[in-house]
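All remarks here apply to the structure that follows.
The values are calculated or read from the model by the stated rules, or taken from the named source; none is laboratory data. Quick caveat: nothing in here was measured; it's all calculated off a predicted structure. Because the Cβ atoms are built from the backbone with ideal geometry, glycine has one as well, and the counts that use them run over all protein chains shown. With ligands, DNA and RNA removed, areas are computed over all heavy atoms of the protein, side chains included. Shrake-Rupley method; radii C 1.70, N 1.55, O 1.52, S 1.80 Å.
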Amino acid sequence: MAALLSVVRPAPEIDKFWSISLPWSNGVTRSSLPGWRSIKLCDSHGRSFLEPGRKQNDCKIASNVTKHGVSASSSQAAQHYSLAPLVSALKTAAEENAASFHFPGHNRGRAAPSPLVELIGRRPFLHDLPELPELDNLFSPEGPIRDAQKQAAQLFGASETWFLVGGTTCGIQAAIMATCSPGDSLILPRNSHISATSALVLTGVSPKYIIPDYDSDWDIASAVTPTQVEKAINDLELEGRKAAAVFVTSPTYHGICSNLKEISTVCHSRNIPLIVDEAHGAHFGFHPQLPISALQQGADLTVQSTHKVLCSLTQSSMLHRSGKLVDRERICRCLQTLQSTSPSYLLLASLDAATAQLSKNPEKFFNNAIHLANEARSLIKQIVGVSVLDFPSFSKFPAIDPLRVNISIWQLGLSGYEADEFLFKDQNVVSEVVGSHSITFVFTPGTCRDHVHRLLLGLEHLSSSLPLGSERRIGKRTEQKDPEPFLDITIELSPRDAFFTRKRKIDIKESVGKICGELICPYPPGIPVMIPGEIITAKSLEYLLQIRSKGGVISGAADPLLSSIVICDVQDVISGL
């Protein structure tokens, strides 16, 4: 039975609204709207999301919390340590009464900076230890790091797993370096993360871009298809070249998944390794309602941000290898080149802990997040003027991550940036990514009912905040489409040559037809619109300026206001674009 959304009179404590004035509000505030409403959130059985008598904040964090949100007993905690070899080793090392004459300088918290102690306490410093013999060595693991990585490999279905302290960025760079040499060709989608572009600079590899389909109604680029990959391989062969590797992002930031099984079949028929940027899909394959993982579909290398939907510390990730198509020793050399020689053991231990947390009962671990996401999606669809991205919008792809809830508010005549600002001011709701036309909310094992309540309450208030008859309420799609970001791509210099060539800054009005000298992208999601070595076009400039005018953040540009732009100081080769 579908979830219900019923309108009720607001509770006194919920009816204390602030006055919100946005550029588009024309002086209309929440308190001035007649008949202001609250919403009652019910699940499919009629149970209220916010139970009677319960305080609105039901997301308190316990001091000692297990993965199921229950305070852990000492025996449970001991069991967790036994499942996590590096966590156990770090605990033992921190409890030693050591006379420490080694780095770091805070010496187990004795000289910890007081502002940080006031923020996080002194305990984290006790565990901020260096490469002590009992803690193993990341680049030559023989003890707890080796054991922790083996457990992770077994859990995720890899032949070998490496822990990363430089995020998925480091893993993507290592994967491309391990499969490609200078002058090789790499097939990758043009909407790949900035880390793939930096890998092109590091390796001197030539990109063969796949231009993804683009949905201008949502301002979302899709994933790549097996047909697109096969065509790119064939195009290179017609030019007398062979792809050294194929790089695919799946899922995309918005949760759209490629058919990796068919793509891996296409690649392996030519003995080409498949690398998958699975930063947003570390949770895949652990629940019947989640898409299957890249490794389960035949990927040779996959890089996952364990800190995104899973629960390790930010900046910690994993690189997984399957099969023997990619040389493991070369991967090790690349990681030794790219990773810090002083890795954080807190980050490493968090990867070990996340593995132990997930391994006990993976399906149960995600039940709550999937249930809340499905209920929220159903309720949002009933709010006037708010649309939810459904599978039919991208039906050529096998799946969309159910833990990504993408909404559009174009019918209200608002940009995603305006709606996001309203939600933050109204209910202190913080989204994952905002676009011109859409907002993406991520549900994780840590998502709770109160936060879902506030999200839905904020969207209901947003829908009601514009008086009937307003020109901005229930708008119509304009026939004029927004500029697409990845059209008319012309590469004049390789990313590496463009990175190292001499640069100069010019007025942005004079930049069309010049060779871009900097990597410019809206962030998030960190997908470059301009890459060094590409010809600057009027459409790409229009897209960036439109993003900025709507409140988006532009990263990578020397001039964040985009009144000027850095170009490669070489003779112009294209004009009049």
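Restricting the stretch 204-223 to residues that are of a type in the set (A, V, I, L, M, F, W, C), in a loop (DSSP other than H, G, I, E, B) and at pLDDT below 95 leaves a set whose member that is farthest from I176 (Cα to Cα) is W218. Scanning the stretch 448-486 for residues that are at pLDDT 55 or above, in contact with a helix residue (DSSP H, G or I) (Cβ under 6 Å, 6 or more places away or on another chain) and either open to solvent by 20 Å² or more (accessible area, probe 1.4 Å) or part of a loop (DSSP other than H, G, I, E, B) (or both) returns R454, P483, P485.
Close Cβ contacts (under 6 Å, 6 or more residues apart or on different chains) running from residues in the stretch 322-350 that are on the phi > 0 side of the Ramachandran plot to residues that are at pLDDT 95 or above and open to solvent by less than 60 Å² (accessible area, probe 1.4 Å) comprise G323/D300. For the stretch 148-177, taking the residues that are touching a Ser or Thr at 6+ places or on another chain (Cβ under 9 Å) and among the aromatic types (F, W, Y), the one that is nearest to H193 (Cα to Cα) is identified as F163. Being open to solvent by less than 50 Å² (accessible area, probe 1.4 Å), more than 30 Å from H307 (Cα to Cα) and at pLDDT below 95: is that true of L414 here? So L414 fits the description; yes. All of A153, A111, A174, A148 fail the test of being free of Cβ contacts under 8 Å to residues at least 60 places away in the same chain, at negative phi and among the hydrophobic types (A, V, I, L, M, F, W, C), apart from A111. Answer yes or no as to whether T179 is polar (S, T, N, Q) and open to solvent by less than 10 Å² (accessible area, probe 1.4 Å). So T179 fails the test.
Taking F424 as the residue in question, decide whether it is aromatic (F, W, Y), modelled with pLDDT under 95 and closer than 28 Å to P528 by Cβ.
no
Residues in the stretch 100-135 that are among the charged types (D, E, K, R), over 16 Å from P343 (Cβ atoms) and assigned to a loop (DSSP other than H, G, I, E, B): 3 in all. Of the residues making up the stretch 369-411, those that are under 19 Å from the mean Cα position of the chain (by Cα) and open to solvent by 30 Å² or more (accessible area, probe 1.4 Å) number 1.
Filtering the stretch 253-276 to residues that are open to solvent by 10 Å² or more (accessible area, probe 1.4 Å) and under 21 Å from I220 (Cα atoms) leaves Y253, H254, N259.
Residues in the stretch 333-360 that are open to solvent by 50 Å² or more (accessible area, probe 1.4 Å) and in contact with a His (Cβ under 8 Å, 6 or more places away or on another chain): L346 only.
Please enumerate the residues belonging to the stretch 400-432 that are part of a helix (DSSP H, G or I) and among the acidic types (D, E).
The answer is E418, D420, E421, D426.
Report the residue count in the stretch 529-567 for those that are touching a helix residue (DSSP H, G or I) at 6+ places or on another chain (Cβ under 7 Å) and at pLDDT below 85. So the count comes out to 3. For F424, the conditions (1) touching a residue at least 24 places away in the same chain (Cβ under 8 Å); (2) over 25 Å from H371 (Cβ atoms); (3) open to solvent by 40 Å² or more (accessible area, probe 1.4 Å) all hold with the exception of (1). State which residue is nearest to C267 (Cα to Cα) when the search covers only the stretch 202-220 and only residues that are open to solvent by 20 Å² or more (accessible area, probe 1.4 Å) and aliphatic (A, V, I, L, M). Per the stated criteria, the residue is I211. Within the stretch 118-143, the set of residues being touching a helix residue (DSSP H, G or I) at 6+ places or on another chain (Cβ under 9 Å), open to solvent by 30 Å² or more (accessible area, probe 1.4 Å) and hydrophobic (A, V, I, L, M, F, W, C) comprises L126, F139. Tallying residues that are in contact with a strand residue (DSSP E or B) (Cβ under 8 Å, 6 or more places away or on another chain) and modelled with pLDDT of 90 or more within the stretch 377-397 yields 11.
Residue-level analysis places Q149 outside the set of residues that are more than 22 Å from L338 (Cα to Cα) and out of contact with any helix residue (DSSP H, G or I) (no Cβ under 7 Å at 6 or more places or on another chain).
Considering the stretch 297-332, and only residues there that are farther than 21 Å from D401 by Cβ and of a type in the set (K, R), the residue that is most open to solvent (accessible area, probe 1.4 Å) turns out to be K324. Output the residues belonging to the stretch 513-551 that are open to solvent by 10 Å² or more (accessible area, probe 1.4 Å), among the small types (G, A, S) and part of a loop (DSSP other than H, G, I, E, B). G517, G551 - these are the residues of the stretch 513-551 that are open to solvent by 10 Å² or more (accessible area, probe 1.4 Å), among the small types (G, A, S) and part of a loop (DSSP other than H, G, I, E, B).
Select from the stretch 103-115 the residues that are exposed (fewer than 14 other Cβ atoms within 10 Å of the Cβ) and not charged (D, E, K, R) and list them in ascending order.
Correct list: F103, G105, A111, P113, S114, P115.
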